[in-house]
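A short write-up of the structure that comes next.
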Amino acid sequence: MFKFTRDDDTIAAGFRRIALEQIDGMLAPAKPGGKKNSAIHAVRGRAKKLRGLLRLVRPAFPDYAMENAAIRDAAARLSAARDSEALVEVFDKYLMPDADRNPTLPSIRSRLAAARDSRGDEGAESLVEFRAAMAVVRQRAERWTLTEGGFGTLGNGMRQTYRTARRRLEAARRQQDIVALHDWRKAIKSHGQHLSLLREAAPDVVASRKALAVHLGELLGDHHNLAVLRGQLTAGENAAESDVMALIDAHMQRLQDEAFELGRQMLAERPRALRRRFGAYWKSWR
């Protein structure tokens with residue numbers, strides 16, 4: 001369970017339990033007949049959750065830098081295989097609906113699918129390497145400790161990540177570029193993970209806020225994948241190919257505008273107030 005519960009004797013015990021559950025899920029063998037891309041997607045998701053957990057306790061976790069880097073570097077082995085799959089997914093979602101009006105789209109899609117399929121063996125090897133690296137992390141995770149025991153262990157990490165999300169929103173508004181938007185997405189994903197971890201303290205309140213974080217993360221994720229896709233394409237001289245680039249640009253602009261508006265509403269509360277509110281939830285719950 002990716003959440004703290006009343007059954008956790010201490011925050012440190014809950015921290016280790018959640019961490020070990022996520023790692024064990026990464027180390028579990030793939031289901032017979034399952035798709036390799038699905039397995040990669042699942043374990044990368046667990047790796048992101050685990051890093052989100054570490055960020056939540058970061059102020060009280062002396063080994064944060066080392067362990068976060070170890071998990072990040074292990075997951076990086078899987079990025080190429082997953083990225084090629086994501087390009088096909090975003091292409092199908094945003095561009096293929098216009099295939100009847102633009103004959104260039106099916107051929108581009110075939111090229112992306114071929115590139116994805118060619119990474120099949122590479123993905124399998126990377127998954128083996130990833131699990132070997134995470135097995136080493138698991139040995140250390142059994143002994144992970146925290147320097148604090150009260151809600152401050154969690155509240156300070158939540159406030160820090162939330163503050164980062166607010167600052168990155170402002171940076172993305174100013175810079176209007178792909179890197180700034182992608183950095184903002186990372187902070188939003190971390191905030192959403194923290195909401196999941198603390199959801200038992202205020203399930204009704206957290207559920208709606210978590211839904212907003214998920215939706216915002218999806219908007220920014222699709223924006224990033226469309227940007228990567230655009231970078232792999234080159235505008236041709238014929239009208240059909242030029243229309244593809246224009247179509248991508250239009251979708252990216254719409255996603256960006258929607259993300260900024262949702263972010264404005266979701267991140268209006270000041271970090272200190274958010275920490276105080278969740279501290280009250282936690283106190284009344286525990």
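The values are calculated or read from the model by the stated rules, or taken from the named source; none is laboratory data. From a predicted model like this one, the values you see are computed outputs, not experimental measurements. Because the Cβ atoms are built from the backbone with ideal geometry, glycine has one as well, and the counts that use them run over all protein chains shown. Please note that ligands, DNA and RNA were not included when accessible areas were found on the heavy atoms of the full protein model with its side chains. Shrake-Rupley method; radii C 1.70, N 1.55, O 1.52, S 1.80 Å.
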Determine the per residue accessible area of the chain with all protein chains present and a 1.4 angstrom probe, expressed in square angstrom.
-> 49 Å²
Taking only Cα atoms, what is the 0 to 90° angle, nearest 10, from helix 152-175's long axis to the longest principal axis of the chain?
-> 30 degrees
Over the alpha carbons of the chain, what is the largest minus smallest coordinate on each principal axis, giving the biggest first in Å?
-> 65, 44, 29
What part of the accessible area of segment 155-286, given as a whole %, is carbon or sulfur when the probe is 1.4 angstrom?
-> 48 percent
Can you pull the Rg over Rh of segment 141-286, Cα-only, Kirkwood?
-> 1.11
Using alpha-carbon coordinates, inclination of helix 178-197 to the longest axis of the chain, degrees = 40 degrees
Helix 239-266 vs. the chain, principal-axis angle (Cα, 0 to 90°, nearest 10) = 20 degrees
What spacing in nm lies between the two simple spin-label points modelled at E258 and T145, each 7 Å away from Cα in the Cβ direction?
-> 4.9 nm
With every protein chain present, what accessible area does E218 have (1.4 Å probe, heavy atoms only), rounded to the nearest 10 Å²?
-> 100 Å²
What is the sum of charges around A141, taking Lys and Arg as +1, Asp and Glu as -1, for the other residues whose C-beta is under 14 Å from the C-beta of A141?
-> +3
Helix-derived [θ] at 222 nm for the chain: sum -39500 (n - 2.57) over DSSP H runs of at least 4, divide by residue count, nearest 500?
-> -26500 deg cm²/dmol
